[in-house]
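Colleague: First the structure, then my questions, so here it is.
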């Protein structure tokens with residue numbers, strides 16, 4: 001039976017795992033005959049790679065109009081001594097002009113045809129106001145938490161916790177570690193389900209400008225290790241730790257190149273740090289379009305992710321699909337997908353020395369890299385990441401949310 005599903009998120013950054021998760025799940029559902037629409041609370045620029053991919057696959061994306069949003073905000077700027085009295089109601093997201101604009105767009109879509117389910121995506125239990133809005137209208141709602149709460153400062157506020165406890169049809173997260181953290185906050189009586197990312201089989205893109213992964217023999221011959229880090233450039237991703245580790249690797253005379261694919265608020269500071277450390281072969285590629293991530297992975301010999309906190313990083317699973325060994329930190333759901341010594345190496349967070357030692361170990365042992373890469377690919381194949389498997393699970397969860405909504 002065809003379902004009509006509304007995805008809701010705050011907005012799409014130029015590069016990010018949550019954005020990729022939403023995009024690939026929406027595309028997979030749409031490809032299997034379901035009606036999907038994505039609603040963003042902030043504008044949805046056509047130039048954004050995730051917005052563009054969704055629209056190419058027939059998934060409508062609704063965002064706040066830039067001009068309308070600016071006018072709405074300007075029209076509400078408080079003046080004089082009335083400032084506090086006027087702004088007090090807007091401290092609630094329900095009264096904020098951007099959120100009210102989202103509610104108007106959701107209401108217009110629901111008037112045409114009510115969604116079978118609203119699937120809200122957020123971090124630290126944000127977007128609870130969307131759950132409130134849907135609950136008041138009897139629309140089944142599920143929420144996916146994309147981070148591990150205790151690694152990212154806990155829930156955004158007490159009101160969000162109460163909303164998620166009492167008004168959701170289903171609470172989802174992306175790893176067992178994230179589930180444990182959610183239960184600590186919501187209580188053991190709240191059912192929390194783990195939902196996989198959609199990670200399809202590696203494509204054979206003809207557009208790669210950097211060669212195919214069959215170049216591992218070339219790497220061995222040239223004596224140069226090609227590393228890739230696919231990550232948002234934010235503090236919690238630990239890219240500064242990676243750069244300090246690479247400085248230690250370089251000091252040991254190990255030949256490597258490191259390509260950092262992603263963008264974010266810390267890019268300028270990280271580029272300055274790389275220069276200060278004297279790193280010769282580190283390239284900041286900027287935001288990479290979803291369709292081109294495979295090219296980045298295919299051209300590499302190993303994946304490194306030095307995060308301080310995670311839900312379950314999509315980048316790791318994608319790297320495993322491409323047969324890359326992974327060096328990652330013991331945070332979030334990383335230990336659930338990377339088997340230390342089998343599919344990659346795990347190190348403590350915030351320790352550049354340990355990270356450098358892991359990179360040096362793999363750089364000096366081509367056979368170990370090959371074995372771990374093959375094991376990683378097999379682990380991905382057996383892990384339930386295919387579009388068919390994830391969509392089937394999602395539809396079961398949506399049906400359960402509908403039953404829960406009718407029972408209230």
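Colleague: Has the range 310-318 got any residue that is at pLDDT 95 or above and farther than 24 Å from residue 22 by Cβ?
Modeller: No, there is no match, as no residue in the range 310-318 is at pLDDT 95 or above and farther than 24 Å from residue 22 by Cβ.
Colleague: Does residue 332 satisfy the condition of being more than 22 Å from residue 237 (Cβ to Cβ) and outside any helix (DSSP H, G or I)?
Modeller: Details: more than 22 Å from residue 237 (Cβ to Cβ): no; outside any helix (DSSP H, G or I): yes.
Considered against the rule, which asks whether it is more than 22 Å from residue 237 (Cβ to Cβ) and outside any helix (DSSP H, G or I), residue 332 comes out as no.
Colleague: Checking residue 284 against (1) in a helix (DSSP H, G or I); (2) surrounded by fewer than 20 Cβ atoms within 10 Å (Cβ to Cβ); (3) without any contact (Cβ under 8 Å) to a residue 60 or more places away in the chain, only one condition comes out false. Which one?
Modeller: (1)
Colleague: (1) in a helix (DSSP H, G or I); (2) surrounded by fewer than 23 Cβ atoms within 10 Å (Cβ to Cβ); (3) not assigned by TED's automatic domain parsing to the domain that holds residue 150: which one isn't true of residue 350, the others all being true?
Modeller: So residue 350 meets the others, but not (1).
Residue by residue, here is whether (1) in contact with a helix residue (DSSP H, G or I) (Cβ under 9 Å, 6 or more places away or on another chain); (2) at pLDDT below 95; (3) exposed (fewer than 11 other Cβ atoms within 10 Å of the Cβ); (4) more than 30 Å from residue 183 (Cα to Cα) holds:
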| position | (1), (2), (3), (4) |
| --- | --- |
| 65 | yes, yes, no, yes |
| 69 | yes, yes, no, yes |
| 72 | yes, yes, no, yes |
| 76 | yes, yes, no, yes |
| 87 | no, yes, no, yes |
| 95 | yes, yes, no, no |
| 101 | yes, yes, no, yes |
| 121 | yes, no, no, no |
| 124 | yes, no, no, no |
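Colleague: Say whether the condition of being touching a strand residue (DSSP E or B) at 6+ places or on another chain (Cβ under 7 Å) and assigned by TED's automatic domain parsing to the domain that holds residue 237 is met by at least one residue in the range 376-390.
Modeller: The first filter runs over the range 376-390 and keeps only residues touching a strand residue (DSSP E or B) at 6+ places or on another chain (Cβ under 7 Å), leaving 376.
Retained after the next criterion (residues that are assigned by TED's automatic domain parsing to the domain that holds residue 237): 376.
Within the range 376-390, one or more residues are touching a strand residue (DSSP E or B) at 6+ places or on another chain (Cβ under 7 Å) and assigned by TED's automatic domain parsing to the domain that holds residue 237.
Colleague: Separate question: Residue check: is residue 373 closer than 27 Å to residue 193 by Cβ, under 24 Å from the mean Cα position of the chain (by Cα) and crowded, with 16+ Cβ neighbours inside 10 Å?
Modeller: no
Colleague: Check off (1) more than 15 Å from residue 9 (Cβ to Cβ); (2) in contact with a strand residue (DSSP E or B) (Cβ under 6 Å, 6 or more places away or on another chain); (3) in a helix (DSSP H, G or I) for residue 139 and give me the number that stays unchecked.
Modeller: Residue 139 satisfies every listed condition except (3).
Colleague: Hey, can you tell me all the residues within the range 265-281 that are over 24 Å from residue 253 (Cβ atoms) and not in a helix (DSSP H, G or I)?
Modeller: Of everything in the range 265-281, those that are over 24 Å from residue 253 (Cβ atoms) and not in a helix (DSSP H, G or I) turn out to be 265, 266.
The values are calculated or read from the model by the stated rules, or taken from the named source; none is laboratory data. Not measured: the values here are computed from a predicted model. Because the Cβ atoms are built from the backbone with ideal geometry, glycine has one as well, and the counts that use them run over all protein chains shown.
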